Amino acid sequence: MEVPKEMRLRLRFYKDIPQNIAVVRQKFEDFKAICPIDYSIKVNENHIWLHIVGENKQYYSPHLHIELEQKEENQTHLRCLFGPDPTLWTLFMFLHFIVGGIFLIFGMIAYSNFTMNQPILMDGIIMSMMVLVWLLLYIVAKQIRERGNDQMHDLEVLMEQIVH
């Protein structure tokens with residue numbers, strides 16, 4: 001089966017396999033022994049993570065989380081989700097919380113100054129700067145996601161090789 005190479009809007013996909021969960025999980029366990037050095041596989045009950053490691057790992061490298069669900073007696077439903085490196089995701093969340101906190105604080109100060117008929121120009125400028133920083137964070141995240149698109153495709157192809 002050919003895996004589409006275009007960039008997805010949603011970083012998740014689903015797949016049904018005509019095998020039970022134990023067989024699918026065992027395929028991933030068996031593949032761990034012969035896994036190429038560029039990839040790492042972690043299996044924990046019905047959750048499987050595929051990571052890019054070694055020389056090919058970059059700050060934008062994604063990982064693929066696969067959740068196995070029993071659909072019917074001999075059919076497994078795979079819920080697959082691409083995600084960023086946990087360290088990068090934590091950094092972006094930290095920056096979003098800081099920007100959001102600054103925006104809220106200066107929004108409250110601006111409201112307070114407005115009700116007391118004080119100038120609110122500086123508060124408005126800082127709030128506008130925070131909106132620009134949010135926009136900048138969004139653009140950077142989009143670029144990181146685009147850079148990792150080829151590696152997302154590689155992880156999906158690897159998953160297809162394992163389950164078939």
Which numbered condition residue 71 misses (of (1) at pLDDT below 90; (2) in contact with a Phe, Trp or Tyr (Cβ under 9 Å, 6 or more places away or on another chain)): (2)
Where residue 117 falls short, out of the listed (1) assigned to a loop (DSSP other than H, G, I, E, B); (2) of a type outside the set (Phe, Trp, Tyr); (3) under 30 Å from residue 141 (Cα atoms): (3)
Any hit, segment 53-65, residues being modelled with pLDDT of 90 or more, outside any loop (DSSP other than H, G, I, E, B) and under 22 Å from residue 22 (Cβ atoms): yes
Within segment 31-41, considering residues that are crowded, with 16+ Cβ neighbours inside 10 Å and of a type in the set (A, V, I, L, M, F, W, C), the one modelled with the lowest pLDDT: 35
Single unsatisfied condition, residue 17 versus (1) surrounded by 12 or more Cβ atoms within 10 Å (Cβ to Cβ); (2) under 22 Å from the mean Cα position of the chain (by Cα); (3) under 17 Å from residue 162 (Cβ atoms): (2)
Matching residues, segment 76-93, being open to solvent by 50 Å² or more (accessible area, probe 1.4 Å) and either among the aromatic types (Phe, Trp, Tyr) or touching a residue at least 40 places away in the same chain (Cβ under 8 Å) (or both): 79, 81, 84, 89
Selected residue (only one of 76, 87 is assigned to a strand (DSSP E or B) and among the β-branched types (Val, Ile, Thr)): 76
Subset of segment 48-61 [within 13 Å of the chain's Cα centre (by Cα) and open to solvent by less than 10 Å² (accessible area, probe 1.4 Å)]: 50, 61
Pairs where the first residue, in segment 117-135, is within 17 Å of residue 98 (Cα to Cα) and the second is surrounded by 11 or more Cβ atoms within 10 Å (Cβ to Cβ) and aliphatic (A, V, I, L, M), C-beta under 6 Å, 6+ apart: 123/109; 123/110; 130/99; 130/102; 133/99; 134/99
All positions within segment 72-107 that are among the polar types (S, T, N, Q) and closer than 24 Å to residue 52 by Cβ: 87, 90
Test set (1) open to solvent by 30 Å² or more (accessible area, probe 1.4 Å); (2) assigned to a helix (DSSP H, G or I); (3) touching a residue at least 12 places away in the same chain (Cβ under 8 Å) - residue 28 fails condition number: (1)
Subset of segment 103-154 (residues that are over 28 Å from the mean Cα position of the chain (by Cα), among the polar types (S, T, N, Q) and open to solvent by 90 Å² or more (accessible area, probe 1.4 Å)): 117, 118
Selection from segment 42-52 of residues that are in a loop (DSSP other than H, G, I, E, B) and at pLDDT 90 or above: 46
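The values are calculated or read from the model by the stated rules, or taken from the named source; none is laboratory data. Bear in mind the structure is a predicted one, so any value in this text is a computation, not a measurement. Every residue, glycine as well, gets a Cβ built from its backbone with ideal geometry; the counts of neighbours run over all protein chains shown. We work out accessible area using only protein heavy atoms, side chains counted, and drop any ligands, DNA or RNA first. Shrake-Rupley method; radii C 1.70, N 1.55, O 1.52, S 1.80 Å.
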